[in-house]
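S.K.: The structure is given below, and queries will be raised subsequently.
The values are calculated or read from the model by the stated rules, or taken from the named source; none is laboratory data. This one's a predicted model, so the numbers in the text were calculated from it and none came from an experiment. As a convention, Cβ positions derive from the backbone with ideal geometry for all residues, glycine included, and neighbour counts pool all protein chains shown. With ligands, DNA and RNA removed, areas are computed over all heavy atoms of the protein, side chains included. Shrake-Rupley method; radii C 1.70, N 1.55, O 1.52, S 1.80 Å.
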Amino acid sequence: MTVHFHEEDLPAGVLAPGPIAVDTETMGLITPRDRLCVVQISDGQGDEHLVRFKPGSDYAAPNLRAVLADPERLKLYHFGRFDIAAIQHYLGVVAAPVYCTKIASRLIRTYTDRHGLKELVRELLGQDISKQQQSSDWGNPVLSDAQKDYAASDVRYLHALRAELDKRLVREGRMELAQACFDFLPHRAALDLAGWPEIDIFAHM
Ligand code: MN
């Protein structure tokens, strides 16, 4: 299990075929204001790849963009709505098709309102991950080992989580509903970027 650190792009050919887990770290929560600093990817084989972008980056990243835009590769996220918007805004690609462990959790773990990654990994996989570095300075020229470990851990468990969540979605007959929500997610992210971040256009009022 190794964390690989790259600057400005993913090297070609480092990922096994199949679904990839994807996460992003940014300067904050307002996508057009708070630049994309790190994209993390795991192919589920045990290694994680971190791609870091410098201030003023042109986000050319041809290898990373090709992988993210590949329609044959399912992208696994936790709260993909945010990551898809950041990737769309900075890298200019729609990183779909999508699976989101947070949406799956909301559809299946109706006995709790705790749908954070830490809680999900604890309950479904019996592992403990730290969220201590979540709000750290991802624009720092030198990322600490703790930051790198944290960034990698955010994609490390998504393949295993998907397997566990799928069992429960099938058991409760909600797979089709989940798939419809995953398919809508890039459009939800587009609404965020287009100026409807806080407004639920499905709500009556
Ligand atoms: Mn993260």
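S.K.: Could you give the length gained by full extension between I30 and H4, i.e. 0.36 nm per residue of separation minus their alpha carbon distance, to one decimal place?
M.R.: 6.6 nm
S.K.: For region 1-131, what is the relative contact order in percent, using Cα pairs closer than 8 Å and at least 6 residues apart in sequence? Write down the numbers at each step before the final one.
M.R.: Values: 221 pairs, mean separation 29.3, N = 131.
The normalised contact order for region 1-131 reaches 22 percent.
S.K.: Okay, moving on. Among H187, L165, Q134, which residue has its Cα furthest toward the positive end of the charge dipole of region 86-205, with +1 on Lys/Arg Cβ and -1 on Asp/Glu Cβ?
M.R.: L165
S.K.: Does region 131-205 classify as rounded, prolate or oblate by the C-alpha gyration tensor (a ≥ b ≥ c root eigenvalues; a/c under 1.5 gives rounded; else a/b over b/c gives prolate, otherwise oblate)?
M.R.: In terms of gyration-tensor shape, oblate.
S.K.: Still on this model: Starting from the alpha-carbon convex hull of region 39-93, give the projected area averaged over all orientations, in nm².
M.R.: 4.2 nm²
S.K.: How large is the accessible surface per residue of the chain, computed with a 1.4 Å probe and reported in Å² as a whole number?
M.R.: On the way: 10320 Å² over 205 residues.
Averaged over the residues of the chain, the accessible area is 50 Å².
S.K.: Then there's this: Where the accessible area of the chain is counted over protein heavy atoms with a 1.4 Å probe, how much of it, in %, is carbon and sulfur?
M.R.: 54 percent
S.K.: Search the structure for amide H atoms under 5 Å from the amide H of V3, placed 1.01 Å from N in the peptide plane, and list their residues when 5 or more places away or on another chain.
M.R.: Correct list: E48.
S.K.: I would also like to ask the following. Counting DSSP beta bridges in region 3-194, what percent are antiparallel, to the nearest 5?
M.R.: Of all bridge pairs located within region 3-194, approximately 50 percent are antiparallel.
S.K.: Sorted from largest to smallest, which semi-axis lengths in Å does the alpha carbon gyration tensor of region 69-205 give for its equivalent ellipsoid, taking the root of 5 times each eigenvalue?
M.R.: They are 24, 22, 15 Å, listed largest first.
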